[in-house]
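K.L.:
Quick one: the structure is below, and I'll ask about it shortly.
Laboratory data are not the source of any read-out in this text; all were calculated from the coordinates shown. Fair warning: this is a prediction, and the values are worked out from it, not measured in the lab. Virtual Cβ from ideal backbone geometry, glycine too; neighbours counted across all protein chains shown.
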Amino acid sequence: MVDTDKDSVSAAGASEPRATGYSWYVLSVLVVVYILNFIDRQVISILAVDIKAHLQLTDSDMGFLGGAAFAVFYALFGIPLGRLADNWSRVKLLSIGLALWSAMTALSGFARNQFTLTAARMGVGIGEATASPTAYSLISDYFPKRQKATALAIYSSGLYLGGGVSLFIGASIVQAWNQAYPGGGPMGLVGWQAAFLAVGIPGLLVALWVATLKEPVRGAMDGVASPCSPTPFREFARDLSTIVPPFTLIGAAQRGISALAINIGFAAAIAAFAWWMIALTGNLPQWSAVGLGYYAVFSWACTLRARDPATFRLIWGTPAFICTTLGYGMVSLAAYALAFWSAPYAEIVLGLPKQELAFVLGANGAISGFIGVIIGGRIADALRAKNPAGRILMIIFGVVAPIVPIWIGYTTPDPVLFYTMNFLAGMFGAAALGAAAATTQDLVLPRMRGTATAAFFLGTTLVGLSFGPYMVGQISDLAGTIVDGKPVGDLRTGILSLIAVAPIALALLIYAYRAVPQAEATIEERARV
């Protein structure tokens, strides 16, 4: 007697797409790229005290340099570059982007004031905007859906490894350089400038390695043919023109008088809000950048709605996608703020030596983030197997679990307890990333994944990175005092204020938990409409 049920299961298993050894090799290369991505992005944290003193900046100025100066341009260029990733070689795009952001990191070492350092940070943001849209799309074509959250979580571990390593590397270079050249080295460079040069240059070599990877068949793991545009750069130029003012007005005018009126009205509203916040805080660069970013995203979304209504419907027209993205954006707000300010806090408030805190916090961040994102990804996949909205529970955990460690860690004078609580807060927050990324990828069609990734990272950048470091710095300045005619911030109060975002994130994610199953079940139907 033939066991037909067993045979059918075997046949289904044989036909199911599988990740190959080369898939795991590609993933390992992408992890290295992401490590470099976050070394170049986060090294400014351990250099913050030196930069602040050398360039005579405030905590809110440093929050801007660690946040919006990078984040706005990272988010905006992620949109057209995400579309380019959907229509052109992802391998080539990633290698070019890596070379660009590495070169701009190195150029940060020649900055002489806030303006030149801001310009370099903007360039880093543009280059790094290529990383995740290309990597997420490549991973989706190298790994089947059942392994996607795990693969994305492994990729995302580079975030924590790179962020942790950046502290140790930066502190070591600063100490060695300043000991060797107490009055400034060649070309008058001081320790923090040498650190930027040292971490930027190796990325140029890794870009050559990335260029050797094979480009996979798009949509291979889903069994859905996803042809690319025959004119990818024309599409890219058109998408770029919808983001950069004043070309946004031309694009709106082409869609009609009403579209132009709406665009101008939104621009006026954003400008008025930015002007009010500048008058309130005195921080022109922060609110100018944020205003530009939100206006540009609005213009792009309106254009996407006219040109690609299916993609617009599955991203901007799907509340489950928006709430998942914004909910995780609140998690990233706290995570980015802690990643930037924990080292300056330990150095200024607890009086810990830079070399020690860099080693401990660097290892803390790398290990806690790696453990959290890997275990969180695996648990999220297991929850997803039992419940279509199961991954949202992991994101909710990432909102609630860090609250107590943040409160204890940033009120204690004990360095050991501070390090321990910082470890737990980082691990718990990291557990949400793989779940959030996989959820947003599952809510769109394969051809839309690069664009969906760019939209997802709008939440983690224009919400999380743009405001997290700045919010802490601004509240620190407001709660601080004046000593010898100079402002001295209150970083403890600034960091504890992060707890206030948890209720907002929780409300968004509860809605997403209810909406995700229906949204995922109706993807093709809504795209056809």
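K.L.:
With an 8 Å cut-off on Cα pairs and a minimum separation of 6 or more residues, tell me the relative contact order of the chain in percent.
P.N.:
RCO, the chain: 24 percent.
K.L.:
Short version: ³J(HN,Hα) in whole Hz for each residue of region 28-41, in order, from phi by Karplus 6.51 cos²θ - 1.76 cosθ + 1.60 (θ = phi - 60°), x for Gly and Pro, what are they?
P.N.:
Coupling constants for region 28-41: 5, 5, 5, 5, 4, 4, 5, 4, 4, 3, 7, 4, 5, 6 Hz.
K.L.:
Got a sec? Charge dipole of the chain, +1 on Cβ for Lys and Arg, -1 for Asp and Glu; which of ASN37, PHE168, ALA437 is way out at the positive end?
P.N.:
ALA437
K.L.:
Between region 68-147 and region 30-62, what is the C-alpha centre distance in whole Å?
P.N.:
Here the answer is 16 Å between Cα centres.
K.L.:
Assuming a ≥ b ≥ c are the square roots of the Cα gyration tensor eigenvalues, decide whether region 78-163 counts as rounded (a/c under 1.5), prolate (otherwise, with a/b larger than b/c) or oblate.
P.N.:
Since a/c reaches 1.5 and a/b is larger than b/c, the shape of region 78-163 is classed as prolate.
K.L.:
Once the mean 1/r over all distinct Cα pairs of region 11-116 is inverted, what Kirkwood radius in angstroms do you read off?
P.N.:
16.7
K.L.:
Turning to a different aspect of this structure: Of (i) 17, 42, 31, 10, 1; (ii) 22, 54, 22, 3; (iii) 23, 57, 18, 1, 0, which is the value of P(r) over Cα pairs in 20 Å bins from 0, in percent derived from the coordinates here?
P.N.:
(iii)
K.L.:
Sorted by mean Cβ packing within 10 Å, highest first, what order do the peptides 297-308, 460-471 take?
P.N.:
With the highest mean Cβ count within 10 Å placed first, the list reads 460-471, 297-308.
K.L.:
Sort 257-265, 435-443, 182-190 by packing, meaning the average of other beta carbons within 10 Å per residue, with the highest value first.
P.N.:
435-443, 257-265, 182-190
K.L.:
Working from Cα positions, state the angle (0 to 90°, nearest 10) between the long axis of helix 257-281 and the longest principal axis of the chain.
P.N.:
30
K.L.:
May I pose another question? Please arrange SER172, SER60 by how many other C-beta atoms lie within 10 Å of their C-beta, fewest to most.
P.N.:
So the ranking, lowest neighbour count to highest, is SER172, SER60.
K.L.:
So what J values fall out for region 495-502 if you push phi through Karplus, 6.51 cos²θ - 1.76 cosθ + 1.60 with θ = phi - 60°, rounded to Hz, Gly and Pro as x?
P.N.:
6, 5, 5, 4, 4, 5, 7, 4
K.L.:
Answer rounded, prolate or oblate for region 242-307, using the Cα gyration tensor with square roots of eigenvalues a ≥ b ≥ c: rounded when a/c is under 1.5, else prolate when a/b is larger than b/c, else oblate.
P.N.:
Judged from the Cα gyration tensor, region 242-307 comes out prolate (a/c at least 1.5, a/b above b/c).
K.L.:
Mind checking the angle between helix 90-108 and the chain's longest principal axis? C-alpha axes, 0 to 90 degrees, to the nearest 10.
P.N.:
10
K.L.:
Using a basic spin-label model with each label point 7 Å from the Cα along Cα→Cβ, how many nm lie between GLU524 and ILE499?
P.N.:
Here the modelled spin labels are 4.9 nm apart.
K.L.:
Between region 512-529 and region 262-297, how many Å separate their Cα centres?
P.N.:
After rounding, the separation between the Cα centres reads 33 Å.
K.L.:
Given Cβ point charges of +1 (Lys, Arg) and -1 (Asp, Glu) and nothing else, what value in debye, to the nearest 20, does the dipole of the chain about its Cα centre take?
P.N.:
I would put it at about 940 debye.
K.L.:
Please report, to two decimal places, log10 I(q)/I(0) for region 377-426 at q = 0.14 Å⁻¹ as given by the Debye formula with identical point scatterers on the Cα atoms and no solvent.
P.N.:
The computed values of log10 I(q)/I(0) come out as -0.46.
K.L.:
Mind checking the angle between helix 131-142 and the chain's longest principal axis? C-alpha axes, 0 to 90 degrees, to the nearest 10.
P.N.:
Its long axis makes an angle of about 30 degrees.
K.L.:
In whole Hz and in residue order, list the ³J(HN,Hα) couplings for region 78-86 that follow from phi through the Karplus curve 6.51 cos²θ - 1.76 cosθ + 1.60, θ = phi - 60°; x for Gly and Pro.
P.N.:
Rounded to whole hertz, the list is x, 5, x, 6, x, 5, 5, 5, 7.
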